[in-house]
1. Over the C-alpha atoms of the chain, what are the Rg and the largest Cα-to-Cα span, Dmax, in Å?
2. Give me the percent of the accessible area of the chain that comes from carbon and sulfur atoms, probe 1.4 Å, all protein chains in place.
3. For the pair A33/R204, report the inter-label distance in nm, with labels modelled 7 Å from Cα in the Cβ direction.
4. Quick one: check the C-alpha center-to-center distance for the stretch 15-48 versus the stretch 136-157, whole angstrom.
5. Using the scaling law 2.2 N^0.38 Å as the reference, what is the normalised Cα Rg of the stretch 1-150?
6. Out of L21, A33, A69, whose Cα points farthest toward the positive end of the dipole of the stretch 1-91 (charges: +1 Lys, Arg; -1 Asp, Glu; placed on Cβ)?
7. Which lysines, on any chain, are close to K152 with Cα under 17 Å apart, when same-chain ones fewer than 8 places away are left out?
8. Would you compute, from DSSP H runs of 4+ residues alone, the mean residue ellipticity of the chain at 222 nm, taking -39500 (n - 2.57) per run and dividing by the full residue count, rounded to the nearest 500?
Amino acid sequence: MATDFSIGQLAQLFDIPVATLRYYDEIGLLTPARVDPHSHYRYYGTPQFERLSTIKYLRALGMSLATIADFFAARELPKLTHMLTTQNQQIERQLRLLTAVQQRINNRLAQIEMAQTANFDRTERVMLPERPMVALRQPYRPQDDIELVIAKLRKQTGVTNEIFLGKVALLLDQQAVQAGHFERYTGICLVFEPGDVIPVQQERLVAGPYAQRIFHGTHVDAPTQYRQLLADCHEQGWQVTGTAVETALIDYGITDQVAQSITQIQIPIDSQAT
């Protein structure tokens, strides 16, 4: 039985590319048992089998080549224990991040489904939980550059530009709503959802009953919807008690088709309706 194995045979036995084995040799991670001085062919023996098995095992655990090389430089149990503990902590952090990312994906899918199946152009009473948010209270019109305002909000509140940014919403205070001033918003906010990184400094949208209206269109189309919503609240005997929150459920960030845009208005109310 052959005691020397060519690099091609070793690659087949361990299901690993020849180029990878050559690279391991170049960096000193896995050197062959001998190299033919004439052909320069690499040959490996069973000691290299054991080392390569260990390399594959540690790589499967997600460890870097540098970490593995450091382990081989002085193999000992405390070092291996430290390596595995450190790697386990990194995996736990990655799992938390992936869980948060999955939650955000589920939130967005639920939002899209809700937007597509909503009762459009109808004023409804909904119960909403308390929601964390950060806000920038300054005048804003739909014609203004919203990305610039969001950037200012992030900088002011310390919310970094990462995947967990919260859901952008426009604010229209109670006085503006009741006065019928719908073309100029009084602020902009980021409403946080499960899976978001929520800053320590935050405000809260109150829990309780809200009058809600969902319509096809953008913020530019909102004034007509506000008027109808207020008329419906008056008819139902609902009293507006706070700031309106206006959210683009489907906007230019999801579709280029303006006709597919969907916007939601929610206003807290004092209502005894069932």
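1. 30.2, 97
2. For the chain, the apolar C and S fraction of the accessible surface comes to 53 percent.
3. With each label placed 7 Å out from Cα toward Cβ, I get 7.1 nm.
4. 59
5. Values: Rg = 28.2 Å, N = 150, 2.2 N^0.38 = 14.8 Å.
Rg over 2.2 N^0.38 Å, computed on Cα atoms: 1.91.
6. A69
7. K167
8. Working: 8 runs with 115 residues, N = 274.
-13500 deg cm²/dmol, from helical runs alone.
The values are calculated or read from the model by the stated rules, or taken from the named source; none is laboratory data. Since this is a predicted model, take the numbers as computed values, not measurements. Positions of Cβ are backbone-derived with ideal geometry, glycine not excepted, and every protein chain shown enters the neighbour counts. Accessible surface is based on the protein model in full, side chains and every heavy atom, while ligands, DNA and RNA are left aside. Shrake-Rupley method; radii C 1.70, N 1.55, O 1.52, S 1.80 Å.
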